[in-house]
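Contents: one structure, followed by commentary.
The values are calculated or read from the model by the stated rules, or taken from the named source; none is laboratory data. This is a predicted model, so every value here is computed, not measured. Every residue, glycine among them, receives a Cβ derived from its backbone with ideal geometry; neighbour counts consider all protein chains shown. Note: accessible area is taken over every heavy atom of the protein model, side chains too, but ligands, DNA and RNA are not part of it. Shrake-Rupley method; radii C 1.70, N 1.55, O 1.52, S 1.80 Å.
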Amino acid sequence: MGPVSAPHIVVVGAGFAGLNATNDLAAAGARVTLVDRHPYTTFQPLLYQVATGGLNPGDVTFSLRALAAKKKGRVRFRRANVTGIDTENKKVLVDQGSSIDYDYLVLAQGVGANFFGIPGASEYARSIYTRAEALEVRDLMFGLLEKLAVAPANQDLSVVVVGGGATGVEMAGTLAEMRSQGLPVAYPEVNPARVRVMLVEMGPVLLSPFKEDLQRYTLRQLQKRGVDVRLDTAIAEVCPGEVEFSDGTKEKADLVVWAAGIGGHDLVKKWGMPQGRGGRIVTEPTLQVKGFTDIFAVGDAAIIEQDPLPQLAQPAIQEGKLAAHNIRALDHGQPLKTMEYHDRGTMATIGRSSAVVQLPGGINVTGLPAWGMWVALHLAELLGGRNRIQAMINLGFRYLLYPKSANAIVGDLADSKTGELPAPRPDADHT
């Protein structure tokens, strides 16, 4: 790709897949327009820390204009929502400003929460897949704690986390540590027994992609922290102040955090792209969208139907890089490569000094060594030196100074949709 005939590539979405495609294309001399509905990229694996007051939102976000400025004119940023794609005239239609012409298009728009049509879930549950959602959960949580601090001693607070994947496990573990370690310092008037954390998983195990010994370790660690783990339990309905399970039983739920699955954004249905399960755009093994040679789809928003990959950071990174390679190959008339995922391991943290790491070759790590690996990797992957330093300081306060310091990061407190703490259960026991 030379400077005279450099093609123009539009990349939609600034997550792991979109950023890696953008970086590689710019490095190869292409002209790239990066389009995102937000003016920043978000490091999603640490959003649960924002939701629980451990990190500032600025610690996990990075300006996309600052990123574009570093590319010396090769990358332009456009903040907009994509409203449609005119494939005949090769234009991306947006809600602000003029449409954007493209020679090649990379769709990396990511996904959002999937409520699976469960009644009340979209209205009364909260997800933490975006910066705004994480902040809403944080402000709701601390708002409920402030109400509990002045409520009668027979009232309690119940937080239900739905989904036993990495996000659900990390959220439940952190909430449990807040209750047992931070609450007695910050809210001395509240007996920690009045705060309940429940983790609900419809399958038989937590962290289903992990090995059995890591799944068992995770379950033990959560239970040790006082999390009420419910396996083989499906949510039938989310109501104001409670959840109903498929067996007809109900549990009090002042805050429901939804981490049970992800799906495609509704807006994508208007783009005219073929969609598979979960609303993901269907691609060939080359990552070209089925029926198109000049449009690629990558990351969580895409699926190779004959070989679906896990919706994790590493597959998204590798797909973004492959899309960039194949665009260069197309532009030079060279053969395209197919996606071959190289598993470099996966990890999840449960709480301070407790995590699970699964590496290739059957190597499993748990406990403090795994937690150290998790901390080091996540700090290293943050964009920007300032973000790394700030995140290191804030995580240091959370994990090294607990329980001496309970200085959580808070904002404007918010009320739940129900407005008040529900009445105590008749059988509530706070002895």
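Matching residues to (1) in contact with a Phe, Trp or Tyr (Cβ under 8 Å, 6 or more places away or on another chain); (2) in a loop (DSSP other than H, G, I, E, B); (3) surrounded by fewer than 16 Cβ atoms within 10 Å (Cβ to Cβ):
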| site | (1), (2), (3) |
| --- | --- |
| V257 | no, no, no |
| A316 | yes, no, no |
| H325 | no, no, no |
| K337 | no, yes, yes |
| D343 | no, yes, yes |
| A355 | yes, no, no |
| G361 | no, no, yes |
Point to revise | So D300, is it of a type in the set (D, E), not in a loop (DSSP other than H, G, I, E, B) and not assigned by the TED database to the domain that holds T167 | key: yes
Review point. Is it the case that some residue within region 192-208 is over 24 Å from L312 (Cα atoms), open to solvent by 50 Å² or more (accessible area, probe 1.4 Å) and either in contact with a His (Cβ under 7 Å, 6 or more places away or on another chain) or not assigned by the TED database to the domain that holds L312 (or both)?
Key: yes
Study note, to complete from the structure: Expected single match for within 18 Å of the chain's Cα centre (by Cα) and part of a loop (DSSP other than H, G, I, E, B) among P285, P310 is P310
